[in-house]
1. For the chain, what does the accessible surface come to per residue with a 1.4 Å probe? Please give it in Å².
2. For the stretch 1-86, what is the largest minus smallest coordinate of the Cα atoms on each principal axis, given in angstrom and ordered from greatest to least?
3. Could you list log10 I(q)/I(0) for the stretch 117-233 at q = 0.20, 0.23 Å⁻¹, which the Debye formula gives when each Cα is one point scatterer?
4. I'd like to know which of Pro314, Gly203, Leu36 lies farthest towards the positive end of the charge dipole of the chain, counting +1 on Cβ of Lys and Arg and -1 on Cβ of Asp and Glu.
5. What order do you get for 266-274, 75-83, 337-345 when each peptide is scored by the mean count of other beta carbon atoms within 10 Å, highest first?
6. Can you give the percent of C-alpha pairs in the stretch 293-384 whose distance is more than 17 Å?
7. Which log10 I(q)/I(0) values, to two decimals, does the chain give at q = 0.10, 0.14 Å⁻¹ under the Debye formula with one point per Cα?
8. Please turn the phi angles of the stretch 52-58 into ³J(HN,Hα) values with the Karplus equation 6.51 cos²θ - 1.76 cosθ + 1.60 (θ = phi - 60°), one per residue in order, whole Hz, x for glycine and proline.
Amino acid sequence: MRVVHAGALALLAAAFGAVAVRGVAEPGVALAFTALIALGECVRITLPGDREQAPIGAAGALAYALLGPLRGLPTAHGALQVVAVTGTGLLLALLPAAVRAALPGPHGARGHRRPPWGDRARWDGAARRLLGAAFAAVVFQPLYNSGVVDRYSADGPAYGAFLTAVAALAALCDATLAALLRRARTGLRFPAALEDELRSLFGIGSAIVATGMLVSLAAGEVGLWALPLFCAPLLLAQVSFRRAAAVRATTGQTIASLAKATEVAGYTPPGHARRVADTACALGRELGLGTRELALLEYAALMHDVGQLSLVEPVPGGATALLPDEEQQRIARLGSEVIRRTGVPRQVAEQVARLADPWPGPGGVGRPVPLAARIIRVANAHDDLLTAARGRGVGEAVGRLEVMEVLRLGRGRVYDARVVDALVRVRG
């Protein structure tokens with residue numbers, strides 16, 4: 001993370017220095033793209049996994065990096081000016097929030113002071129977008145300014161193919177940087193983080209790349225009117241993503257309410273569902289699950305005990321892990337039937353239905369149990385056994401050792417060996 005930030009700052013300082021010495025080429029054009037990038041940074045969206053994206057700002061930066069002729073006339077701003085303009089737009093959008101965060105003020109809702117430079121995730125995204133725009137500019141601008149592009153790919157399809165190739169490489173660079181930053185910030189394994197970022201290229205990412213290319217091409221004919229004209233569809237797409245995020249938030253609230261129902265009714269100890277979900281997500285990250293898989297895993301872990309609401313008598317201590325396998329499977333099936341009627345993703349109900357299925361082992365017979373179900377079973381047993389140990393008055397350290405010993409004894413027979421090993425690494 002520090003390397004990415006330091007690289008972005010060094011590149012920005014070099015760009016500012018070069019522009020100060022040489023002056024600004026086409027200042028009106030530079031000002032227009034600066035304003036577009038700054039405005040785009042002010043209307044960010046949040047993608048799954050709490051990832052922030054600024055589609056209009058990113059598309060504007062890419063369009064300026066790929067800008068060749070403007071109204072039929074050649075431009076000569078070069079790669080360093082692209083970096084300077086992109087950096088200026090980013091700073092104009094981010095510095096006001098950083099100044100507010102640095103001013104003396106009340107503590108946050110939980111008593112923590114605000115970060116001195118504002119939201120760190122926004123600075124991560126800004127550094128990533130600056131380096132992505134710089135990459136595209138370094139590939140395109142020298143070839144354009146030297147005349148190589150005009151010589152070998154004139155105004156026909158070859159020019160569009162060349163722009164597409166540069167934009168695709170820039171998108172891959174951005175995805176790699178985003179995965180590295182998420183790995184540093186959240187601990188998610190790099191392959192899983194990269195897979196998430198590459199998947200997003202087929203969503204809002206493809207819209208950003210297409211808009212950036214379209215603006216750069218259209219500017220050659222209509223000039224700066226291409227900026228508002230062709231960014232409008234991307235703004236509409238951004239509104240759709242916001243609505244989808246609101247639907248996901250409503251789903252999360254529904255699941256959280258159902259998870260609380262077992263605690264309110266006295267079937268499970270307070271906080272049990274949340275603890276199981278936190279442990280399951282930690283195991284999922286350790287085992288390399290992506291953002292979507294982690295979200296479904298969290299939902300299923302929160303709702304794994306909903307089936308207990310169908311019982312006449314509560315399970316002592318709510319500890320389903322201490323019940324016979326047949327009873328655990330019956331409760332899991334009951335919970336799955338309840339979940340199917342709530343409107344949450346069907347995978348959640350399937351994971352809950354299978355979480356008590358016997359683990360056949362690597363060479364065993366029977367249907368393979370989904371990884372999410374295996375993870376939840378281990379996480380639930382960990383919390384149930386630890387709660388039971390506390391109820392017997394066993395000390396915390398001794399209780400944790402007892403629980404890990406029980407899980408190790410069931411390793412490869414009752415519980416998936418990989419998941420138990422991951423629990424040892426995560427919880428020690």
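1. 48 Å²
2. If we take the Cα atoms of the stretch 1-86, the spans are 43, 30, 17 Å.
3. Normalising to I(0) and taking log10 leaves -1.15, -1.33.
4. Pro314
5. Final packing ranking: 75-83, 266-274, 337-345.
6. Pairs farther apart than 17 Å: 45 percent.
7. -0.79, -1.15
8. With the stated coefficients, the stretch 52-58 comes to 8, 9, 10, x, 5, x, 5 Hz.
The values are calculated or read from the model by the stated rules, or taken from the named source; none is laboratory data. None of the values given here were measured: they were computed from a predicted structure. Backbone-built Cβ (ideal geometry, glycine too); neighbour counts: all protein chains shown. Ligands, DNA and RNA are stripped out before the accessible areas are found, and what is left, the full protein with its side chains, is counted by its heavy atoms. Shrake-Rupley method; radii C 1.70, N 1.55, O 1.52, S 1.80 Å.
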